[in-house]
Amino acid sequence: MSDTVLTDTALNPGPLAGSRTLVAGRPPRPRSRWTPLRWSWDLRISAALLALIVLTALIGPFLVADPDAMNVANRLRGLGTGGHLLGTDALGRDMLARMVDGTRITLIAGLLPVAIATAIGTAIGVTAGLARRRTHSTIMRVLDVFYAFPAVLLAIAIAAALGSGITNVIAALTVAFVPPIARVADTETTRLRHLDFVEAAEASGATRATIAVRQILPNVTPPLLVYCTALVGVSIVYAAGLSFLGLSVAPPSPEWGLMISDLRQFISSKPELALIPAVAILLVSVAFNVLGEGLRKLLDIRAAAS
């Protein structure tokens, strides 16, 4: 016997756009929450660009020439001349090889400070949010001392005090990023601690450590993920700025900010060479910011659908 066919209109009379056919005995498949609307074109483009950047950092150095090989006779070649796709710098080094090799340093300077600062800042923020009022006030006032300075100035001051080197740059950026991350974590924790499920956990006798790990952290992680994803782009720009000022890696390291510094004296005669690393920094920074905004929309829609 053939299955009985019913429609949404028959079950619920009235004008229904896009009604689905229902077969008796066969419940309709639930619609996926991950609709194409959530993965917008800007989110897809930024994710694809960042995947390409990561892939370049991993395997790119094995596919290009030596980034430190000099040939003064071929110095300051234009784009595509002499077999050099992106030209050569003032010492005749291949710009493409240096850009590819510098991708690894750029990602390290962007990701590592944010990752370390996220771990430290989240711990401080959650601890402050669950602490008593006096302890909370003390922790946040100490952070406000660092938060009062603009992050870039704080990073410059710390990097200048510690000296040049990628390790010192990571340490300087980490210190600069801990206060804002801790503030975000504290704000979310303070909001969550008065909700019913946290109060129920407290009433059941759960310790603050248990509440922090099981109730607070899973709910604090999404907004922190969005904020810190966008912060990676800021970290890349700050690290490039420190290199431009001579406070980061030393020559001949192919760091993008250092490359801009080396080529700035030729910006009137060969502006395209100085623009190559500058545009790369801009694209990667914007990609992380767009990814962070896309994640925010994605998580908001998912929360609304749940």
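The values are calculated or read from the model by the stated rules, or taken from the named source; none is laboratory data. None of these values were measured; they are calculated from a predicted model. Neighbour counts are summed over all protein chains in view; Cβ atoms, including those assigned to glycine, are modelled from backbone coordinates with ideal geometry. SASA here: full protein model, heavy atoms, side chains in, ligands and nucleic acids out. Shrake-Rupley method; radii C 1.70, N 1.55, O 1.52, S 1.80 Å.
Worth a mention:
- Number of positions in segment 198-218 that are of a type in the set (Gly, Ala, Ser), open to solvent by 60 Å² or more (accessible area, probe 1.4 Å) and in contact (Cβ under 8 Å) with a residue 12 or more places away in the chain: 0
- Test: residue in segment 208-217 that is under 22 Å from the mean Cα position of the chain (by Cα), assigned to a loop (DSSP other than H, G, I, E, B) and of a type in the set (A, V, I, L, M): no
- Near pairs, Cβ below 6 angstrom, 6+ apart or cross-chain, from segment 67-78 (free of Cβ contacts under 8 Å to residues at least 12 places away in the same chain) to any residue that is open to solvent by 70 Å² or more (accessible area, probe 1.4 Å) and among the β-branched types (Val, Ile, Thr): none
Yes/no matrix, rows are residues, columns are (1) out of contact with any strand residue (DSSP E or B) (no Cβ under 8 Å at 6 or more places or on another chain); (2) hydrophobic (A, V, I, L, M, F, W, C); (3) open to solvent by 10 Å² or more (accessible area, probe 1.4 Å); (4) assigned to a loop (DSSP other than H, G, I, E, B):
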| position | (1), (2), (3), (4) |
| --- | --- |
| 222 | yes, no, yes, no |
| 225 | yes, yes, yes, no |
| 233 | yes, no, no, no |
| 239 | yes, yes, no, no |
| 246 | yes, no, yes, yes |
| 251 | yes, no, yes, yes |
| 259 | yes, yes, no, no |
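- Hits in segment 90-102 (condition: open to solvent by less than 30 Å² (accessible area, probe 1.4 Å), without any contact (Cβ under 8 Å) to a residue 60 or more places away in the chain and out of contact with any Pro (no Cβ under 8 Å at 6 or more places or on another chain)): 92
- Checklist (1) open to solvent by less than 90 Å² (accessible area, probe 1.4 Å); (2) modelled with pLDDT of 75 or more; (3) not in a helix (DSSP H, G or I) applied to residue 70, failing item: (1)
- Residues that are in contact with a helix residue (DSSP H, G or I) (Cβ under 6 Å, 6 or more places away or on another chain), polar (S, T, N, Q) and modelled with pLDDT under 95, drawn from segment 225-262: 229, 243, 248, 261
- Complete set of residues in segment 142-155 that are of a type in the set (A, V, I, L, M, F, W, C), surrounded by 15 or more Cβ atoms within 10 Å (Cβ to Cβ) and within 21 Å of the chain's Cα centre (by Cα): 151, 152, 154, 155
- Residues of segment 168-189 satisfying the condition of being hydroxyl-bearing (Ser, Thr, Tyr), touching a Leu at 6+ places or on another chain (Cβ under 9 Å) and surrounded by fewer than 19 Cβ atoms within 10 Å (Cβ to Cβ): none
- Residues located in segment 267-277, provided they are among the hydrophobic types (A, V, I, L, M, F, W, C) and open to solvent by 40 Å² or more (accessible area, probe 1.4 Å): 267, 275
- For the residues 279, 237, the requirement of being on the phi < 0 side of the Ramachandran plot, touching a residue at least 24 places away in the same chain (Cβ under 8 Å) and β-branched (Val, Ile, Thr) singles out 237.
- Where residue 296 falls short, out of the listed (1) open to solvent by less than 60 Å² (accessible area, probe 1.4 Å); (2) touching a Pro at 6+ places or on another chain (Cβ under 9 Å); (3) closer than 19 Å to residue 187 by Cα: (1)
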